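The values are calculated or read from the model by the stated rules, or taken from the named source; none is laboratory data. Bear in mind the structure is a predicted one, so any value in this text is a computation, not a measurement. Note that we place each Cβ from the backbone using ideal geometry, even for glycine, and neighbour counts take in every protein chain shown.
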Amino acid sequence: MIVKNQRPIKFNNTCDCIVDETELAKAIIWYSESPVSRNKKIFMSGKYPAVAIYKEKIHVHRLLMMYWKQRRLESYEYVHHKDENKKNSLRGNLEVMGVSEHQSHHTKGRRFSDNHRRLLSEANRRRVGIVLKKRVNIDLNQLREMMVSGESYKSMARYFKCDPSTIKSRIYENPSLLGDTGGDEG
């Protein structure tokens, strides 16, 4: 159904989320940038309350924080619940934290067994989200020599056992490599 005029949003809070519904309605309208259906259901998605905006599911605490900050949150920005109650999405209970700060806050003072550390490590490897670059050691002098001799990105990548985009990145990160490539000297 296409909605042409925004009518007041009514909520069906099926998960007992603690939220200012007026603020949530404003946040939904801000996020969607066009009218949405009048009836919205607040439901549990994973461990957090969420709402659906068109075909997108978004957690209530992240949506509200984006509205209050008037910008989209980066994937590495976490919205922390100060009272540890994941259903409490009131303004005074939420704050933005970086990944490491958030993890540190939740693990400070805890002692993990070797088995628990192993399980955490395995879980982190399976996580979907931020993918860290695999760092490849590339000798810049060797790279310069290969560039001067006219090697292609593909052949240099095979030599260093990496992707051609990694070679391009190294050249971009080290513009001095471009100085000695045997260009036209007039």
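Out of 62, 38, which single residue is at pLDDT below 90 and among the basic types (Lys, Arg)?
Numbers: 62 fails: at pLDDT below 90.
Checking each option against the conditions leaves just 38.
Checking the structure you have, find out if any residue of the range 6-19 is among the acidic types (Asp, Glu), under 20 Å from residue 70 (Cα atoms) and either assigned by TED's automatic domain parsing to the domain that holds residue 61 or surrounded by 16 or more Cβ atoms within 10 Å (Cβ to Cβ) (or both). It would help to see each step written out before you state the result.
First, the residues of the range 6-19 that are among the acidic types (Asp, Glu): 16.
Going one step further and asking which of them are under 20 Å from residue 70 (Cα atoms), we end up with none.
Checked against the condition, which is being among the acidic types (Asp, Glu), under 20 Å from residue 70 (Cα atoms) and either assigned by TED's automatic domain parsing to the domain that holds residue 61 or surrounded by 16 or more Cβ atoms within 10 Å (Cβ to Cβ) (or both), the range 6-19 yields no hits at all.
Residue by residue through the range 36-78, note down the ones that are in contact with a Pro (Cβ under 9 Å, 6 or more places away or on another chain), touching a residue at least 24 places away in the same chain (Cβ under 8 Å) and over 24 Å from residue 4 (Cα atoms). It would help to see each step written out before you state the result.
The first filter runs over the range 36-78 and keeps only residues in contact with a Pro (Cβ under 9 Å, 6 or more places away or on another chain), leaving 38, 42-43, 59-61.
From what's left, touching a residue at least 24 places away in the same chain (Cβ under 8 Å): 38, 42-43, 60-61.
Result: 43, 60, 61.
Kindly indicate whether residue 104 is loosely packed, with under 11 Cβ neighbours inside 10 Å, at pLDDT below 90, hydroxyl-bearing (Ser, Thr, Tyr) and closer than 24 Å to residue 127 by Cβ. Give the steps one after another, and end with the answer.
Working: loosely packed, with under 11 Cβ neighbours inside 10 Å: no; at pLDDT below 90: yes; hydroxyl-bearing (Ser, Thr, Tyr): yes; closer than 24 Å to residue 127 by Cβ: yes.
No.
Tell me the residue from 49, 35 that is over 30 Å from residue 163 (Cβ atoms) and either touching a helix residue (DSSP H, G or I) at 6+ places or on another chain (Cβ under 6 Å) or of a type in the set (S, T, N, Q) (or both), please. Before the answer, list the steps.
On the way: 35 fails: either touching a helix residue (DSSP H, G or I) at 6+ places or on another chain (Cβ under 6 Å) or of a type in the set (S, T, N, Q) (or both).
Just one listed residue meets the conditions, 49.
Being more than 26 Å from the chain's Cα centre (by Cα) and on the phi < 0 side of the Ramachandran plot is the filter here; which residues of the range 5-20 pass it? Lay out the reasoning, then the answer.
We begin by selecting, within the range 5-20, every residue more than 26 Å from the chain's Cα centre (by Cα); these are 5-14, 16.
Within the range 5-20, 5, 6, 7, 8, 9, 10, 11, 12, 13, 14 qualify.
Restricting to the range 34-49, what's the tally of residues that are part of a loop (DSSP other than H, G, I, E, B) and farther than 18 Å from residue 88 by Cα?
The first filter runs over the range 34-49 and keeps only residues part of a loop (DSSP other than H, G, I, E, B), leaving 34-38, 46-47.
Still in the running and farther than 18 Å from residue 88 by Cα: 34-38.
Adding up the residues that qualify gives 5.
Please find, within the range 50-78, the residue that is surrounded by the most Cβ atoms within 10 Å (Cβ to Cβ) out of those that are of a type in the set (A, V, I, L, M), more than 13 Å from the chain's Cα centre (by Cα) and not in a helix (DSSP H, G or I). Steps first, answer last, please.
Just the residues of the range 50-78 that are of a type in the set (A, V, I, L, M), to begin with: 50-53, 58, 60, 63-66, 73.
Adding the requirement that they be more than 13 Å from the chain's Cα centre (by Cα) leaves 50-53, 58, 60, 63-66.
Within this subset, residues satisfying the condition of being not in a helix (DSSP H, G or I) are 50-53, 58.
Working: 50: 21, 51: 24, 52: 16, 53: 17, 58: 18.
Among residues in the range 50-78 that are of a type in the set (A, V, I, L, M), more than 13 Å from the chain's Cα centre (by Cα) and not in a helix (DSSP H, G or I), the one surrounded by the most Cβ atoms within 10 Å (Cβ to Cβ) is 51.
Select from the range 12-35 the residues that are in contact (Cβ under 8 Å) with a residue 40 or more places away in the chain and over 16 Å from residue 62 (Cα atoms) and list them in ascending order.
15, 16, listed by residue number.
The rows are residues; the columns are (1) at pLDDT 90 or above; (2) farther than 23 Å from residue 8 by Cα.
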residue	(1), (2)
55	no, no
58	yes, no
70	yes, no
73	no, yes
91	yes, no
94	yes, yes
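Can you pull out the helices (runs of 4 or more DSSP H) entirely within the range 79-160 that have at least 1 residues that are more than 26 Å from residue 44 (Cα to Cα) and touching a residue at least 12 places away in the same chain (Cβ under 8 Å)? Before you say what the answer is, go through the steps one by one.
Values: elements: 99-107, 114-126, 140-148, 153-160.
Correct list: 140-148, 153-160.
Just give me the residues in the range 87-101 being touching a helix residue (DSSP H, G or I) at 6+ places or on another chain (Cβ under 8 Å) and farther than 17 Å from residue 21 by Cβ, in sequence order.
From the range 87-101, those touching a helix residue (DSSP H, G or I) at 6+ places or on another chain (Cβ under 8 Å) are 89, 91, 94, 96-97; that's our starting set.
Hits for the range 87-101 are 96, 97.
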